[in-house]
Amino acid sequence: MTVKSNLTINPQRLWDALMETAKFGATPKGGIKRLTVSDEDKKVRDWFKAQCEALGCAVSVDSVGNMFALRPGRNNKLAPIAMGSHLDTQPTGGKFDGVLGVLGALEAMRTMIDLGYETNAPVMIVNWTNEEGSRFAPAMLCSGVYAGVFTEDFAYARADRDGITFGDELKRIGYKGKEPVGSHKFQAMFELHIEQGPILEAEQKMVGVVTGVQGMRWYEVTVNGQEAHTGATPMLLRKNALLGAARMIEAINQIGLDNLPGVASVGLIENRPNSRNVVPGEVFFTVDLRHPDESVLDKMEKDYQAAILNIAEALKLKAEEKRIWKSPAVKFAPNLIDCVRHGAEQAGFSTRDMASGAGHDAAYIARVAPTTMIFVPCLGGLSHNEEESTTFDECAAGAQVLLNAVLEFDRQFA
Ligand code: HGY
Ligand code: MN
Ligand code: MN
């Protein structure tokens, strides 16, 4: 039975909040660089805390920086219903990845308060620390600590490519909270997010009813050869680490093409000594393999490892590789998926069921609480790009469906 929800979010207020927070880490090309636990991240966290406290929410921070803004309900013996996502971005991120989910939740909260709507269960907004995993790998680090996938110490020890640790930076920006991580229990989490892919736009659907997240694995590869003079070293006597890396990257790309709809990518590479007249002696690069089916991912992993060794052998190089992250494919909670579907119907939006290609905090939270996601389109499916673009109406649609879904889920406690 679907009850018409007459609570309507304020689209302009949501849009203004998105544009205001886009200033924290704004880049000249119109994107955002707000790396986790950076000064820019501190600014947006301070802003978010102030906004939630102004609404009368109690804001707390746990030991890995996850932020929780709680609004009581009629029956506070019930565990809260959470709406969460992340405020950190990629180095060349856009204005909507992650932040739409946190600010969409803030708008839903504002709407309930404006209209004096009291929920049965308490409601909570969550900002998960370091979803991106760009500066400190792996991704979804602190929703992972919350879900028991990683320990606090593992998280604190993660170092960026300059050797700075996550724990030191978290302390430096003042967000290493007192609350033990995992102490904030909730009974469900809804995450609003842009799709970051082209399907909704191509099919002209407004809302993605997300059924789960594909499996993801990250690796680190170091290729060693021998530094030598580019002028005096004959081609056949070289041990060129960069040539080896180039062939490995081509082979990894082919593994993606051979296992569609899987994907295989190399995103970070360091070439040493990176001098124009030295044959490179060492190359470090990262590998990202993803597929909805774990058994295919196992095969992609074996194929990639074989390619690395065969290419190294052929070029008289040494290659070491290690898996640093494995996030298995996840299915979301059917009853929450239904709340999203009904929430979209209430608001009159077209929908389509889909799995997520990108990773999200919801993938880990689904291990400890019923969880699901809501997608809205982004222009050309582009994300992790400063040109990421989602329209005023699409942002509003996402926040409206988030509110409707939460209220539908809450009605069971009336
Ligand atoms: O890697 C991901 O899929 C996410 O954007 N962190
Ligand atoms: Mn994201
Ligand atoms: Mn992202």
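The values are calculated or read from the model by the stated rules, or taken from the named source; none is laboratory data. Since the structure is predicted, the reported quantities are computational estimates derived from the model, not experimental observations. Methodologically, a virtual Cβ is constructed for each residue, glycine included, from the backbone with ideal geometry; neighbour enumeration extends over all protein chains shown. Protein only, heavy atoms only, side chains kept; ligands, DNA and RNA dropped before computing areas. Shrake-Rupley method; radii C 1.70, N 1.55, O 1.52, S 1.80 Å.
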Seminar exercise, completed: Along principal axes, largest first, the alpha-carbon spread of region 1-103 in whole Å comes out as 47, 34, 25
Seminar exercise, completed: Residues meeting the amide H criterion for Ala319 (H placed from the backbone, H to H distance under 5 Å, 5 or more places apart or on another chain) are Asn224
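Sort 254-262, 325-333 by the packing proxy (mean of other Cβ within 10 Å over each peptide's residues), most packed first.
On the way: 254-262: 15.1, 325-333: 18.0.
Peptide ranking by packing, descending: 325-333, 254-262.
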Seminar exercise, completed: P(r) over all Cα-Cα pairs of region 114-206, 5 Å bins from 0 to the longest distance, whole percent per bin, short to long, reads 3, 10, 17, 19, 13, 13, 11, 9, 5, 1
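Taking R0 as 25 Å, what FRET efficiency do you get between Gln187 and Tyr117 from their Cβ-Cβ distance, rounded to the nearest 0.05?
Numbers: r = 19 Å, r/R0 = 0.76.
For R0 = 25 Å, the calculated efficiency reads 0.85.
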Problem set entry | Packing rank of 374-385, 399-410, 19-30, where each peptide gets the mean count of other beta carbons within 10 Å, highest leading | 399-410, 374-385, 19-30
For this session: State, to one decimal in nm, how far the label point of Ala314 lies from the label point of Thr391, with both points 7 Å from Cα in the Cβ direction.
Result: 4.9
Exercise. Which angle between 0 and 90 degrees, to the nearest 10, do you get for helix 99-114 versus the longest principal axis of the chain when only C-alpha atoms count?
Worked result: 10
Seminar exercise, completed: Contour minus Cα-Cα span, Lys178 to Glu345, at 0.36 nm per residue, comes to 56.0 nm
For this session: Obtain the nm distance between the two label points defined at Arg276 and Arg74 by a simple spin-label model: each point lies 7 Å from its Cα along the Cα-to-C-beta direction.
Result: 7.4
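What full-extension length gain, to one decimal in nm, is calculated for Lys331 and Arg367 as 0.36 nm per residue of separation minus the Cα-Cα distance? Don't skip to the answer; put the middle values down first.
Working: separation 36, 0.36 × 36 = 12.96 nm, distance 0.98 nm.
Residue separation times 0.36 nm, minus the Cα-Cα distance, leaves 12.0 nm.
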Exercise. What base-10 log of the normalised intensity I(q)/I(0) is obtained for region 106-160 from the Debye formula, alpha carbons as equal point scatterers, at q = 0.13, 0.16 Å⁻¹?
Worked result: -0.49, -0.60
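For region 271-372, give the percent of accessible area contributed by carbon and sulfur heavy atoms, probe 1.4 Å, rounded to a whole number. Spell out each step's value before the answer.
Working: 2390 of 4780 Å².
For region 271-372, the apolar C and S fraction of the accessible surface comes to 50 percent.
Local charge sum around Gln412 (other residues, Cβ-Cβ under 14 Å, Lys/Arg +1, Asp/Glu -1)? Mind dumping the intermediate values first?
Details: positive: Arg74, Arg411; negative: Asp338, Glu408, Asp410.
For residues surrounding Gln412, the net value is -1.
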Problem set entry | the chain, helix-only ellipticity at 222 nm - DSSP H runs n ≥ 4, -39,500 (n - 2.57), divided by all residues, nearest 500 | -10500 deg cm²/dmol
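Which whole number in µm²/s is D for the chain by Stokes-Einstein, with the Kirkwood Rh taken over Cα pairs at 4 °C and 1.567 mPa s?
Numbers: Rh = 22.3 Å.
D = 58 µm²/s.
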Problem set entry | P(r), alpha carbons of region 25-169 - 5 Å bins starting at zero, rounded % | 2, 10, 18, 21, 18, 14, 9, 5, 2, 0
For this session: State the extension gain, in nm to one decimal, for the chain segment bounded by Lys23 and Glu227, taking 0.36 nm per residue of separation less the distance between their alpha-carbons.
Result: 69.0 nm
Exercise. With every protein chain left in place, what is the accessible area per residue of the chain in square angstrom, probe 1.4 Å?
Worked result: 41
Seminar exercise, completed: Thr286 and Ile269 label points (each 7 Å along its Cα→Cβ direction) are spaced in nm at 1.6
Exercise. When the gyration tensor of region 182-311 is built from Cα positions, what are the square roots of 5 times its three eigenvalues, in whole Å, from largest to smallest?
Worked result: 39, 17, 15
For this session: Can you figure out the FRET efficiency of Arg161 with Lys302, using R₀ = 30 Å and their beta-carbon distance, to the nearest 0.05?
Result: 0.60
